[in-house]
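*Asks:* Handing you this structure, nothing more for now.
The values are calculated or read from the model by the stated rules, or taken from the named source; none is laboratory data. Just so it is clear, the structure is predicted and the values come from calculations on it, not from any experiment. Just the protein is used for accessible areas: all its heavy atoms, side chains included, with ligands, DNA and RNA removed. Shrake-Rupley method; radii C 1.70, N 1.55, O 1.52, S 1.80 Å.
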Amino acid sequence: MLAALIRPVESHTVEVAGASLDDVYAQISSHAPDGFDLVSAPVRMLKGTAGIQATARFDRRDGVREISADDMGALEAQVPEGWQMLSVWTL
């Protein structure tokens, strides 16, 4: 018998601009949806100004649940569309 942890796969992206890194970070923090973690926020200078722009990407990290099955094929068949398997172990 095998068991696995699965979770939904979902991303949210937001564009922000500000005068400083602190300003950009504050804006990014205010856009964070519940259950999502910030995974990427590359910044770039705006041409012709002293401003900074960032594209922040948040990925869903909540909603983890456990499934079990007799073999790997049956376990994989239980993973719904839009979900990912995180780990597998033997019961």
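*Asks:* I'd like the Kirkwood hydrodynamic radius of the chain, using the inverse of the mean 1/r over distinct C-alpha pairs, in Å.
*Replies:* After inverting the pairwise mean of 1/r, the radius is 15.4 Å.
*Asks:* Using only Cα atoms, tell me the angle between helix 21-30 and the longest principal axis of the chain; keep it within 0 to 90° and round to the nearest 10.
*Replies:* Value to nearest ten degrees: 40.
*Asks:* Write down the accessible area per residue of the chain in Å², having rolled a 1.4 Å probe over the full set of protein chains.
*Replies:* Result: 63 Å² per residue.
*Asks:* Find how many whole Å separate the alpha carbon centroid of the range 57-82 from the alpha carbon centroid of the range 3-17.
*Replies:* 14 Å
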